[in-house]
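Structure first, commentary second.
The values are calculated or read from the model by the stated rules, or taken from the named source; none is laboratory data. For clarity, every value in this text was computed on a predicted model and none was experimentally measured. Cβ atoms come from the backbone with ideal geometry, glycine included; neighbour counts cover every protein chain shown.
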Amino acid sequence: MWFVLALLSAIFAALTSILAKIGIDGVNSNLATAIRTVVVVVMAWGMVFLTNVQGGIVDINKKSWIFLILSGLATGASWLCYYKALQLGDASKVVPVDKLSVVITLILAFVFLHEKFAIKSLIGCILIGVGTLIMVV
């Protein structure tokens, strides 16, 4: 099931890029990011209430709160940079560079989460990096 959800995530992310590129025409990128964020917040809280899990908020420990807040700040910074990059550049070049996050995530997961970094992961990282360079040059 994780693969199906991850694939759907990729499809929605692709749609996000195209829809955002069209939507930011003539709109300040920070304002566009704020509008997108409000929509995401409403949608996320809607799912919380739809699935009736809002009571779990009191069970979240301090460590989880800190890291969820930090993750939210990283997401916000990512979105602000992404929208500005989309406004300034071609989606066909911005998106591949943005997807270098895959390589960075694998490295960070190895360093901080002590996840295994197999030879196939190393080869994949190299291919993604080289592929990104080929697409944007």
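Output yes when any residue across the stretch 84-93 is in the same structural domain as Lys21 (by TED's automatic domain parsing), in a helix (DSSP H, G or I) and over 23 Å from Ile18 (Cα atoms), and no when none is.
no
Picking from Thr75, Thr37, which residue would you name as being within 24 Å of Val136 (Cα to Cα) and either of a type in the set (A, V, I, L, M) or in a helix (DSSP H, G or I) (or both)?
Working: Thr37 fails: within 24 Å of Val136 (Cα to Cα).
After applying the criteria, what remains is Thr75.
Within the stretch 79-106, can you find the residues that are farther than 30 Å from Val27 by Cα and either in contact (Cβ under 8 Å) with a residue 40 or more places away in the chain or surrounded by 14 or more Cβ atoms within 10 Å (Cβ to Cβ) (or both)?
Within the stretch 79-106, Val103, Leu106 qualify.
Give just the number: which of (1) of a type in the set (Phe, Trp, Tyr); (2) loosely packed, with under 13 Cβ neighbours inside 10 Å; (3) outside the structural domain of Leu31 (by TED's automatic domain parsing) does Phe110 not satisfy?
Every condition holds for Phe110 apart from (2).
Quickly run through the stretch 48-81 and pick out the residues that are more than 30 Å from Val97 (Cβ to Cβ) and among the hydrophobic types (A, V, I, L, M, F, W, C).
Step one: filter the stretch 48-81 for residues more than 30 Å from Val97 (Cβ to Cβ), giving 48-65.
Within the stretch 48-81, Val48, Phe49, Leu50, Val53, Ile57, Val58, Ile60, Trp65 meet the criteria.
Do you know which residues across the stretch 30-65 are basic (Lys, Arg) and either under 16 Å from the mean Cα position of the chain (by Cα) or surrounded by 11 or more Cβ atoms within 10 Å (Cβ to Cβ) (or both)? Working first, answer last.
Let us first name the residues in the stretch 30-65 that are basic (Lys, Arg), namely 36, 62-63.
Arg36 - this is the single residue of the stretch 30-65 that is basic (Lys, Arg) and either under 16 Å from the mean Cα position of the chain (by Cα) or surrounded by 11 or more Cβ atoms within 10 Å (Cβ to Cβ) (or both).
Out of all the residues in the stretch 94-135, which are in contact with a Ser or Thr (Cβ under 9 Å, 6 or more places away or on another chain) and under 30 Å from Ile22 (Cα atoms)?
Within the stretch 94-135, Val94, Val95, Pro96, Val97, Asp98, Lys99, Leu100, Ser101, Val103, Met135 meet the criteria.
Does Ile134 qualify as being within 20 Å of the chain's Cα centre (by Cα), aliphatic (A, V, I, L, M) and over 18 Å from Ser9 (Cα atoms)?
Details: within 20 Å of the chain's Cα centre (by Cα): no; aliphatic (A, V, I, L, M): yes; over 18 Å from Ser9 (Cα atoms): yes.
Against the criterion (within 20 Å of the chain's Cα centre (by Cα), aliphatic (A, V, I, L, M) and over 18 Å from Ser9 (Cα atoms)), Ile134 does not qualify.
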